[in-house]
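The values are calculated or read from the model by the stated rules, or taken from the named source; none is laboratory data. A quick note: this is a predicted structure, and the numbers were derived from the prediction, not measured. Cβ sites come from the backbone with ideal geometry, for glycine too, and all protein chains shown count toward neighbours.
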């Protein structure tokens, strides 16, 4: 199994990064080939919204890390995406990457009907926020991140096999044993 991890956290030692590291370690123990991309290190220009990529099947902007990330997504059997909550949504840098690679995630019929390009692939979503549980769910904090990523992944054909939402990170900045077990369990269930 080939697993790609997109780490949307701007912090290399933040909770998202640590949770994704646990998942990567568990996947390697189980014999998976794992690659992780820290989104914070990518150089990606914002999408201009020209829509030319839909007919060209390529972005008109000069090649950058967006296209290389798309190639890795196409390579993977499983995509794990982690992002902290920013205003009830994913990290902006991660969103820019997904905006730029829409043509490689979702196609469209001649009549403009969306067509998933990653059918049969699996995905996992991981999100954290400082809003305490259960308010992180009620106030659409981590839930907002999950909803946004579900939309992208659903329209791309991915089957969501697991979601981890951790609220209250301001008061509890460490991973509990329960958090670590959740990370390992999701990988075991892929």
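Can you spot a residue in region 166-189 that is in a strand (DSSP E or B), buried (at least 16 other Cβ atoms within 10 Å of the Cβ) and either more than 13 Å from the chain's Cα centre (by Cα) or touching a residue at least 24 places away in the same chain (Cβ under 8 Å) (or both)?
Keep residues of region 166-189 that are in a strand (DSSP E or B), which gives 166.
Filter once more, so that each one left must be buried (at least 16 other Cβ atoms within 10 Å of the Cβ): 166.
Now drop any that are not either more than 13 Å from the chain's Cα centre (by Cα) or touching a residue at least 24 places away in the same chain (Cβ under 8 Å) (or both), which leaves 166.
There is at least one residue in region 166-189 that is in a strand (DSSP E or B), buried (at least 16 other Cβ atoms within 10 Å of the Cβ) and either more than 13 Å from the chain's Cα centre (by Cα) or touching a residue at least 24 places away in the same chain (Cβ under 8 Å) (or both).
Can you give me the number of residues within region 131-165 that are in a loop (DSSP other than H, G, I, E, B), closer than 27 Å to residue 113 by Cβ and more than 13 Å from the chain's Cα centre (by Cα)?
1
Could you tell me which residue of region 40-59 is surrounded by the most Cβ atoms within 10 Å (Cβ to Cβ), considering only residues that are under 27 Å from residue 183 (Cβ atoms) and out of contact with any helix residue (DSSP H, G or I) (no Cβ under 6 Å at 6 or more places or on another chain)?
40
Out of contact with any strand residue (DSSP E or B) (no Cβ under 9 Å at 6 or more places or on another chain), closer than 30 Å to residue 170 by Cβ and either at pLDDT 95 or above or surrounded by fewer than 17 Cβ atoms within 10 Å (Cβ to Cβ) (or both): is that true of residue 62 in this structure?
No, not satisfied.
Can you name the residue in region 12-34 that is exposed (fewer than 14 other Cβ atoms within 10 Å of the Cβ) and touching a residue at least 24 places away in the same chain (Cβ under 8 Å) and, of all such residues, is farthest from residue 145 (Cα to Cα)?
Applying the first criterion (exposed (fewer than 14 other Cβ atoms within 10 Å of the Cβ)) to region 12-34 yields 12-13, 28-29, 31, 33.
Those left that are additionally touching a residue at least 24 places away in the same chain (Cβ under 8 Å): 12, 31, 33.
Details: 12: 19, 31: 30, 33: 27 Å.
Step by step, filter region 12-34, then rank; the result is 31.
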